[in-house]
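Peer 1: Here's a structure for you.
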Amino acid sequence: MRVVIATDKFKGSLSSVEAADAMAAGIREEFPQALVKTVPVADGGEGTIDAISAALGVPPRQSLVSGPLPGMRVMAKWLFIDEPSFSGIDSRTGVGTKVGLSRVPTAVIEMAQASGLVLLESEERDVMSSDTYGTGELIAHALDAGAGQIIVGLGGSATVDAGCGMARALGYRFYDSEGREIRPSGKYLERVRRIDFSYRDKRLSRVKFIAACDVFNPLLGDNGAARVYGPQKGASPEQVEILERGISNLAKIIHDEVGIDVREVPGSGAAGGLGAGLIAFCGAEVASGFDVMASISRLEDFIKEADIVLTGEGSFDYQTLFGKAPAGVISIALKSGVPVVVVTGRIRDYDRGALDKYVGVYSVCPGPIGEKEAMKKAYDLVKSGTSRMMRLLRIGRSLGENVFPPF
């Protein structure tokens, strides 16, 4: 039996790598000889570097860079893939047919590693002072390594600076109405009057950038970077309006000086507007984080050779089928004609009719259990639950082989 495990994280309890390991252990309890390939999935947010590293067997690099707050230093992981063999690449052009990846030396950066909310305690959150300067430093390290393509995963940010911090790390300069250079974190975006491009890193124009995200919010408005995500990062209602005005001011300057209108581009509001910054300052394309990461990890290639696919996440409900990573795995599996089972902790209301007959959903919880206890025992529950599910599969195979008389 050939099994591909392409699971998302079980939020709050297991990373995608840990969840995949638990499922693999459960499979081997029932099918010791099974050929198991784990391809932890990611969408550009937290855990992306670990997931892609595990899938490819490529160890991450580490760089000491600025954290999200002034004076903060963090050790951030990133990936450099010297000879990539992505899925979905046209053999004639060397370019991806779905997400536009090119088969050139590629760096993968997870912005949350340098500018993420996970780096701060709840009382440290300060969306007005935080910025993405460290993410820009990671991009500079990738340029130094010789990357011809840089993928920036957007998600889990502690910032709402529209990528200005990143731009400063790459040589851009920002000035106020009196010609004074300023550091445009959230509270100073409204003061920006001019952007100086003359010191930008010249290598930026020779590199392909892809902004990989799982949300496609616009930059401004009720669904934009400030009003949707500002409160999640600790912004008060008054601060949200300051951020909204500041981002709007910056977007107008970018339009006037660069000729790019980032205000309505889907994904420009991702990661506190870093999507917009990557478009304006690096010429980035915006793409689905799952599609990009699935191509990097060659998920489709592995699924095509599988007998069954296991995916999963902590809670399965109707939202799972609308853009979450397991939905992407299901789509690839069905396209390849391979049955798939969603292994999950909790099953909530969902439309069974929306699932193909070759898609199953299985809860690893053996009975009533509290959420805190379940999260504490997550690894063991996923392992034992997967083992039970595989035993049912064994019975199903026996039925298919006519071991039992017909009903």
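Peer 1: Of the chymotrypsin sites (Phe, Trp or Tyr not before Pro) in the range 293-326, which ones lie in a loop per DSSP and count no more than 13 other C-beta atoms within 10 Å?
Peer 2: Passing both the DSSP loop test and the Cβ count: Phe322.
Peer 1: While we're on this one: Against the globular-protein guess of 2.2 N^0.38 Å, express the Cα radius of gyration of the range 48-291 as a ratio, rounded to two decimals.
Peer 2: With N residues counted in the range 48-291, Rg over 2.2 N^0.38 Å equals 0.95.
Peer 1: For every other residue with a beta carbon closer than 11 angstrom to the beta carbon of Ala114, add +1 if it is Lys or Arg and -1 if Asp or Glu, then tell me the sum.
Peer 2: Overall, the nearby charge balance is -1.
Peer 1: Right, here's the next one. The chain: longest stretch without exposed GluC sites (Glu not before Pro) (DSSP loop, at most 13 other Cβ within 10 Å), sites themselves excluded?
Peer 2: 1-120
Peer 1: Can you pull out the chymotrypsin sites (Phe, Trp or Tyr not before Pro) in the range 170-241 whose DSSP state is coil and whose Cβ has at most 12 other Cβ atoms within 10 Å?
Peer 2: Phe197, Tyr199
Peer 1: Give me Ile52, Ile81, Ile247 sorted ascending by neighbouring Cβ count inside 10 Å, so fewest comes first.
Peer 2: Ile81, Ile52, Ile247
Peer 1: Another question about this same structure. Please report the relative contact order for the chain, taking Cα pairs under 8 Å with a sequence separation of at least 6, and give it as a percent rounded to a whole number.
Peer 2: 19
Peer 1: Continuing with this model, one more query. What's the extension gain from Arg394 to Lys376 if we count 0.36 nm per residue and subtract their Cα-Cα distance?
Peer 2: Using 0.36 nm per residue and subtracting the Cα-Cα distance, I get 3.6 nm.
Peer 1: Given the convex hull over the Cα atoms of the range 177-285, what projected area results after averaging over all orientations, in nm²?
Peer 2: Result: 7.0 nm².
Peer 1: Ok, one more. Tally Lys and Arg at +1 and Asp and Glu at -1 over the other residues with C-beta under 14 Å from the C-beta of Phe80: what net charge comes out?
Peer 2: Every neighbour counted, the sum reads -2.
Peer 1: Treating only the Cα positions of the range 242-383 as identical point scatterers, give the base-10 log of I(q)/I(0) from the Debye formula at each q in 0.14 Å⁻¹.
Peer 2: Each listed q corresponds, in turn, to -0.82.
Peer 1: So how compact is the chain: Cα radius of gyration and Dmax in angstrom?
Peer 2: When restricted to the Cα atoms of the chain, Rg and Dmax are 22.5, 87 Å.
Peer 1: A further question on this structure: Give me the net charge for the shell around Asn217: Cβ to Cβ below 15 angstrom, other residues only, Lys and Arg +1, Asp and Glu -1.
Peer 2: Here the charged neighbours net out to -2.
Peer 1: Using a Gaussian network model on the chain with a 10 Å cutoff between Cα atoms, which of Gly314, Gly259, Gly337 fluctuates the most?
Peer 2: Of the options given, Gly259 has the highest mean-square fluctuation.
Peer 1: Now for a separate question. Which of the trypsin sites (Lys or Arg not before Pro) across the range 272-362 are loop residues per DSSP, with 10 or fewer other Cβ within 10 Å?
Peer 2: Lys357
Peer 1: Please state the charge dipole magnitude for the chain, taken about the Cα centre, from unit charges on C-beta atoms (+1 on K and R, -1 on D and E), reported in debye and rounded to the nearest 20.
Peer 2: 620
Peer 1: Can I ask one more? For the range 48-291, what proportion of DSSP beta bridges, expressed in % and rounded to the nearest 5, is antiparallel?
Peer 2: DSSP beta bridges in the range 48-291 are roughly 55 percent antiparallel.
Peer 1: Take every DSSP beta bridge whose two residues both sit in the chain, then give the antiparallel share in percent to the nearest 5.
Peer 2: Bridges in the chain that DSSP calls antiparallel: roughly 35 percent.
Peer 1: With the chain treated as a Gaussian network of Cα nodes joined by springs under 10 Å, which of Gly155, Gly163, Gly12 yields the largest mean-square fluctuation?
Peer 2: Gly12
FYI, it's all coordinate maths here, none of it is from the lab. In this text, all values refer to a predicted model and were calculated from it rather than measured experimentally. A quick note on method: Cβ atoms are made from the backbone with ideal geometry, for glycine too, and the neighbour counts reach across all protein chains shown.
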